[in-house]
1. Being assigned to a helix (DSSP H, G or I) and in contact with a Lys or Arg (Cβ under 7 Å, 6 or more places away or on another chain) is the filter; apply it to segment 424-476 and report the residue that is farthest from L388 (Cα to Cα).
2. Which condition from (1) over 26 Å from A468 (Cβ atoms); (2) surrounded by fewer than 19 Cβ atoms within 10 Å (Cβ to Cβ); (3) modelled with pLDDT of 95 or more; (4) of a type outside the set (A, V, I, L, M, F, W, C) is the one that Q331 breaks?
3. Output the residues belonging to segment 110-134 that are outside any loop (DSSP other than H, G, I, E, B) and surrounded by 14 or more Cβ atoms within 10 Å (Cβ to Cβ).
4. Checking P138 against (1) within 16 Å of ligand 2 (Cβ to nearest atom); (2) modelled with pLDDT of 95 or more; (3) part of a loop (DSSP other than H, G, I, E, B), which single condition isn't satisfied?
5. Just to be sure, is Y115 among the hydroxyl-bearing types (S, T, Y) and more than 16 Å from ligand 2 (Cβ to nearest atom)?
6. Looking at the structure I just gave you, is D258 over 24 Å from R173 (Cβ atoms), acidic (D, E) and away from ligand 2 (no atom under 16 Å from the Cβ)?
7. Taking the criterion of being surrounded by 15 or more Cβ atoms within 10 Å (Cβ to Cβ), modelled with pLDDT of 95 or more and within 35 Å of the chain's Cα centre (by Cα), would at least one residue in segment 149-157 satisfy it?
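The values are calculated or read from the model by the stated rules, or taken from the named source; none is laboratory data. For clarity, every value in this text was computed on a predicted model and none was experimentally measured. Cβ: placed from backbone, ideal geometry, glycine included. Neighbour counts: every protein chain shown.
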Amino acid sequence: MDTSPAETFGQPQTTRFAPSPTGELHLGNARTALFNYLLAHHGAGGRFLLRIEDTDAERSKDQHTAALIEDLKWLGMRWEAGPDREDARGPYRQSQRLEFYARYFAELEKRNAVYPCYCTPLELEASRRAQLASGRPPRYAGTCRDLSPEQRQTKAQAGLKPTTRFRVPLGRRIEFVDFVHGSQSFLSDDIGDFVVRRADGTAAFFFCNAVDDADMGVTHVLRGEDHLTNTPRQLMILEALGLRAPSYGHVSLIVGSDGSPLSKRHGATSVREYRERGYLPQAMTNHLFRLGHSTPEHGFLSLEEMARAFDSTHLGRSPARFDEQQLHVWQKEAAHRLSPEEALRWLDPVLPKGLGPAAAHTFIAAVLPNLVLPEDARTWVDIVFGDLPALPAAEQQLVQEAGKSYFAAAAEAASAHGNDLPAIANAVRAATGKKGAALYMPLRAALTGVAHGPELAPLLKAMPPGKARERLARFA
Ligand code: GLU
Ligand code: ZN
């Protein structure tokens, strides 16, 4: 059986992101969403869909769906259709597609491609253990595959609620070309008959995921490697129903700095956590774009530029390492590119209350080059707007070595010209003959309390009037 669809790269592509709303948007899923978005928009006329896989009513929560949508939008993604943007191929929540599934189940029943399985969880577990004990890989033993109508009736009358299993054809080879991993070949005999409908009547993942892709016209499924071995099952379902299969590609998982799958041990793993800490969406997308996807583009890219540069033949088969240092490089770049209004919104939580917009902009312009996260601005808020504590030893020494006449000249210039570094430096130079570091370092130490930091002149401009004079006069 060769189910590889005709290659359709180059033609308008339809991709989708199909999360199960059981928790926060994980970085791995965010990357999957991004890659699908980019794949769809690489060429003209592509479509990116958002489908919510919420058939597991117990674990799926509407609030998770809402949060997923919010996080995807925050990252900058938009979709041509989704639960908040329905079209003729919807609905885009699986919990609202039950009648479609019922129709397909009826069709599978008619074609004898499925059968009811009355095995209890206990019986299945016993069979699994027996197979493991005799060194065989565990799969469904086929117990209910060939029950007679009478046997089925007896079981049903005993009140047993059956699951529905797919009748995997015997002795078949299932082949397809994964657009990341290349040619794949599976033996149907290694795949046990699997559940397509649970005992409570709800559709199981393999089934609804596959038929929805066909119904929604999805041409390319790009998803995590953990789904690679599900693909032959899904191809068999589609074949049994005479539905068109998409191209499948499976990207490597994201790992943490130690090479193990990214998890809580590595720190924040959800988009929401990064967002709340003040990471910027463009920093996230620029890092994710390069995780498991190699690109000659080394610069900071917008989503449009990423879509143009995205190359599905450059997707990686080996695990991609999430690297917070690298994220910080993009974050600095993203912060640098914020408009004054965006920067104001970004830093608002750490700015002093009641600071006017003009003063805020002056402050932000001074400190922005030194920030990775908004919380990094706190130190500079204290330095610029607060009272300086006693100087640390090294700074104290710098100030003492400069001497009282140095600071007398500086304080006088500050009272004449305000928080104006060139005027102050000129006056000190004229009075003391100092230049270079000997001229500027004691000023910096006295004015900010630390020997390092953002450019001094803009920082001084951000200080309340009179502050420079007051700080310089302390040492005069
Ligand atoms: N709901 C599945 C998941 O979140 C979707 C897998 C797929 O993309 O096909 O893992
Ligand atoms: Zn059974």
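1. Initially, segment 424-476 is screened for residues assigned to a helix (DSSP H, G or I), giving 424-432, 436-448, 456-462, 467-473.
Within this subset, residues satisfying the condition of being in contact with a Lys or Arg (Cβ under 7 Å, 6 or more places away or on another chain) are 428-429, 439, 446-447, 456.
Numbers: V428: 22, R429: 25, L439: 21, A446: 9, L447: 9, L456: 16 Å.
Taking the candidates together, the pick is R429.
2. So the condition that Q331 fails would be (2).
3. In the first step, residues of segment 110-134 are kept if they are outside any loop (DSSP other than H, G, I, E, B); the result is 110, 114-117, 121-133.
Residues satisfying the conditions are V114, Y115, P116, C117, L124, S127, R128, Q131.
4. Just one mismatch for P138, condition (2).
5. Working: among the hydroxyl-bearing types (S, T, Y): yes; more than 16 Å from ligand 2 (Cβ to nearest atom): no.
When the stated conditions are applied, Y115 does not pass them.
6. Working: over 24 Å from R173 (Cβ atoms): yes; acidic (D, E): yes; away from ligand 2 (no atom under 16 Å from the Cβ): yes.
Taking the combined requirement at face value, the residue satisfies it.
7. no
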